[in-house]
Amino acid sequence: QLQACGGGLVQAGGSLRLSCAASGRTLSSYDMGWFRRAPGKEREFVAAISWNGDYAFFGDSVKGRFTISRDNAKNTVLLQMNSLKPEDTAVYYCAARNRLLSRSRAVPSTYDYWGQGTLVTVSS
């Protein structure tokens, strides 16, 4: 099971840190990703990190503002979100996928496990 938390209400320009923790599963075996879905919009790729933390990938809309990291010893993945904008408002989901996959990490269907989501609301 994946559990995402850390969402909340923040003013534009502020920061939030989301975390994704796993129970019953060792995250070090997986590439990890964050996606979001805003009301009335398609699910959007936010960020991903390779199983060993060596590589990180970001969606165009969050590049330069968000960072992703992982602590395999603690079995957690973090998404640090800075300079938040109202358009960042969405439910954020963490997901895990087989680290041996070569397909783009931005493709949701390549992920096998999903957390329940945490709501981020950015006020203007």
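On a per residue basis, the chain carries 52 Å² of accessible surface, using protein heavy atoms and a 1.4 Å probe.
With a 10 Å cut-off between alpha carbons and a GNM built on the chain, which of 39, 108, 86 moves the most? Looking only at 39, 108, 86, the largest GNM fluctuation is found for 39.
The convex hull around the C-alpha trace of the chain, projected and averaged over every direction, spans 6.9 square nanometres. Per-atom-type breakdown for region 1-109 gives carbon and sulfur 47% of the accessible area (1.4 Å probe, protein chains only).
What is the extension gain from residue 102 to residue 5, computed as 0.36 nm multiplied by their sequence separation minus the C-alpha to C-alpha distance, in nm to one decimal? Before the final figure, lay out each step's value.
Numbers: separation 97, 0.36 × 97 = 34.92 nm, distance 2.83 nm.
Gain on stretching residue 102 to residue 5: 32.1 nm.
Where a Cα-Cα gap under 28 Å defines reach, which lysines qualify for residue 85, not counting those fewer than 8 residues away within the same chain? Within the straight-line cut-off, residue 85 pairs with 41, 63.
Give me the percent of DSSP beta bridges within the chain that run antiparallel, rounded to the nearest 5. Walk me through the intermediate numbers first.
Details: 38 of 42 bridges.
The antiparallel proportion sits near 90 percent.
Just order 90-100, 5-15 by mean Cβ neighbour count inside 10 Å, highest at the front, would you? Could you put the intermediate results ahead of the total?
Numbers: 90-100: 20.0, 5-15: 13.7.
My ranking of the peptides, most packed first, is 90-100, 5-15.
Can you figure out the FRET efficiency of residue 42 with residue 65, using R₀ = 30 Å and their beta-carbon distance, to the nearest 0.05?
Numbers: r = 20 Å, r/R0 = 0.68.
Efficiency computed from Cβ-Cβ geometry: 0.90.
Between residue 75 and residue 56, the contour length at 0.36 nm per residue exceeds the Cα-Cα span by 5.1 nm.
The values are calculated or read from the model by the stated rules, or taken from the named source; none is laboratory data. Note that the coordinates shown come from a computational prediction; the quantities given were computed from them, not determined experimentally. Please note: Cβ atoms are built from the backbone with ideal geometry, for glycine as well, and neighbour counts cover all protein chains shown. Ligands, DNA and RNA are stripped out before the accessible areas are found, and what is left, the full protein with its side chains, is counted by its heavy atoms. Shrake-Rupley method; radii C 1.70, N 1.55, O 1.52, S 1.80 Å.
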